[in-house]
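The values are calculated or read from the model by the stated rules, or taken from the named source; none is laboratory data. Since we're looking at a predicted model, the values are computed, not measured. A quick note on method: Cβ atoms are made from the backbone with ideal geometry, for glycine too, and the neighbour counts reach across all protein chains shown. Calculation scope for accessible area: heavy atoms of the full protein, side chains included, ligands and nucleic acids excluded. Shrake-Rupley method; radii C 1.70, N 1.55, O 1.52, S 1.80 Å.
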Amino acid sequence: MRQPSGRHFLQIPGPTNVPDRILRAMDRPTIDHRGPAFAALGREVLDGLRAVFRTDSDVVIYPASGTGAWEAALVNTLSPGDRVLMYETGHFATLWQRLAERLGLEVDFVPGDWRRGVDPAAVEARLREDRDRRVKAVCVVHNETSTGVTTRVPEVRAAIDRADHPALFFVDTISSLASIDYRHDEWGVDVTVAGSQKGLMLPPGLSFNAISKKAVAASAGARLPRSYWAWDEMLATNAKGFFPYTPATNLLFGLHESLAMLREEGLEAVFARHARLAEATRRTVRAWGLEILCVEPREYSDSLTAVLLPAGHDADAFRQVVLENFDMSLGSGLGKVQGKVFRIGHLGDFNALMLAGTLAGVEMGLTLAGIPHSAGGVLAALDYLTESTGLPDSETDVSVAGKVGMVR
Ligand SMILES: Cc1ncc(COP(=O)(O)O)c(C=O)c1O
């Protein structure tokens, strides 16, 4: 089925395209993970990650997918029967809830319509009602990868503070870290969960917890069973640059390179690049006359856009047409929106021309699949990319928006 030449377009919202620089960095003999060269690598990647999470506290690295880091956040801090507050923002929030229930936690899962993020006012109201302080943690997904909706994490933090509630605050940044502005310390997050395969531009296989001092203190009294995920041994060995079990050494070589690339570009520029490409995508979708799943403009995701197809059209059949004819993978609709939406990933190692190619493939696919849409979608992106070219890389999302008249 694959086209015989040219490269495959991997435009799912993660795993993302791995840049050649990172592939080359991993293409090396594995070293002794108990030797001195490893210790230097271990210290450097742990330090570099702190800068990306924007934290002075501890970060731990697991040789696991993101789901492992979800579990680690819960088992290190909570006890059987503890109550946690979670919000149904989409498929990944739902999976995290299921995981928490399987661990024996009591989940207060607030229903949602999969088209908006966590409502900070609702968090405040819920926590104010919790007079005996039974809720031990509030868990939110920063960027819901199934819907393309970004929750306003600082506002949720402010809501917890207004309710004067002592609950821990856990945030999943698996599809936002190194793509959308995120600040573990400043936003008062206790455990941030992340993975390697999206904004960090690495293959799947590593996941992370950034841990506040309050979370470390909570782990001392937490009674959920844990061994592989336990922070105490991890932190003790990390202090010398080592790990308590065999680390994914070659992925760590890749992580070292990824952190260097992010440092060279600068996090603000990385966020501005993602914001610009996301805005170009949304302009295209609107010009096609199709609907963006996210209904709240201030919650638009800069890592991906989920697009609703008109009733009667199957999004998976459409994706198949795009794959067969243009060798491009688009994200499928997950859970409740399966078959109804497709997702365009625009995160990680990505630029304007890669986006133009991606959107061209989608537009041609819409025509071939017989999905009603207006012409001119790709042109809308090209116009926007042209007019926003050359703005300083250091511009923030909001100032780029102001300069080019973007409404956010
Ligand atoms: C927001 C979010 N959370 C959690 C996960 C689960 O991570 P993993 O599939 O790496 O275990 C994903 C995966 O895409 C995700 O996007």
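Here Thr396 fulfils each of the conditions (1) surrounded by fewer than 14 Cβ atoms within 10 Å (Cβ to Cβ); (2) modelled with pLDDT under 95; (3) under 25 Å from the mean Cα position of the chain (by Cα) apart from (1). Which of the residues belonging to region 118-160 are assigned to a loop (DSSP other than H, G, I, E, B) and under 18 Å from the mean Cα position of the chain (by Cα)? Within region 118-160, Val118, His142, Thr145, Ser146, Thr147, Gly148, Thr151, Arg152 meet the criteria. Scanning region 345-369 for residues that are free of Cβ contacts under 8 Å to residues at least 12 places away in the same chain and not hydrophobic (A, V, I, L, M, F, W, C) gives a single hit, Thr367.
Among the residues making up region 36-62, those that are of a type in the set (Phe, Trp, Tyr) and assigned to a helix (DSSP H, G or I) are Phe38, Phe53. Could you tell me whether any residue of region 12-30 is of a type outside the set (A, V, I, L, M, F, W, C), open to solvent by 40 Å² or more (accessible area, probe 1.4 Å), under 19 Å from Ala178 (Cα atoms) and within 16 Å of the ligand (Cβ to nearest atom)? Yes: region 12-30 contains one or more residues that are of a type outside the set (A, V, I, L, M, F, W, C), open to solvent by 40 Å² or more (accessible area, probe 1.4 Å), under 19 Å from Ala178 (Cα atoms) and within 16 Å of the ligand (Cβ to nearest atom). Filter region 202-213 down to the residues that are in a loop (DSSP other than H, G, I, E, B) and open to solvent by 10 Å² or more (accessible area, probe 1.4 Å), then identify the one that is farthest from the ligand (Cβ to nearest atom). Going through the qualifying residues, I end up with Ser212.
Residues are listed down the side, and each one gets a yes or a no for (1) among the hydroxyl-bearing types (Ser, Thr, Tyr); (2) open to solvent by 10 Å² or more (accessible area, probe 1.4 Å):
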residue	(1), (2)
Pro166	no, yes
Tyr182	yes, no
Trp187	no, yes
Lys198	no, yes
Ala215	no, no
Gly241	no, no
Thr246	yes, yes
Ser258	yes, no
Gly266	no, yes
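Does Ala64 qualify as being under 23 Å from the mean Cα position of the chain (by Cα) and modelled with pLDDT of 95 or more? Yes; evaluated as a whole, the condition is true for this residue. Out of Glu268, Glu233, Glu257, one residue alone is free of Cβ contacts under 8 Å to residues at least 60 places away in the same chain and assigned to a helix (DSSP H, G or I). It is Glu233. Scanning region 58-90 for residues that are crowded, with 23+ Cβ neighbours inside 10 Å, within 9 Å of the ligand (Cβ to nearest atom) and more than 19 Å from Thr237 (Cα to Cα) returns Gly66, Trp70, Gly90. The single residue among Ala93, Ala137 that is more than 20 Å from Ser79 (Cα to Cα) and either within 12 Å of the ligand (Cβ to nearest atom) or at pLDDT 95 or above (or both) turns out to be Ala93.
Determine whether Ser227 is within 16 Å of the ligand (Cβ to nearest atom) and in a loop (DSSP other than H, G, I, E, B). Taking the combined requirement at face value, the residue does not satisfy it.
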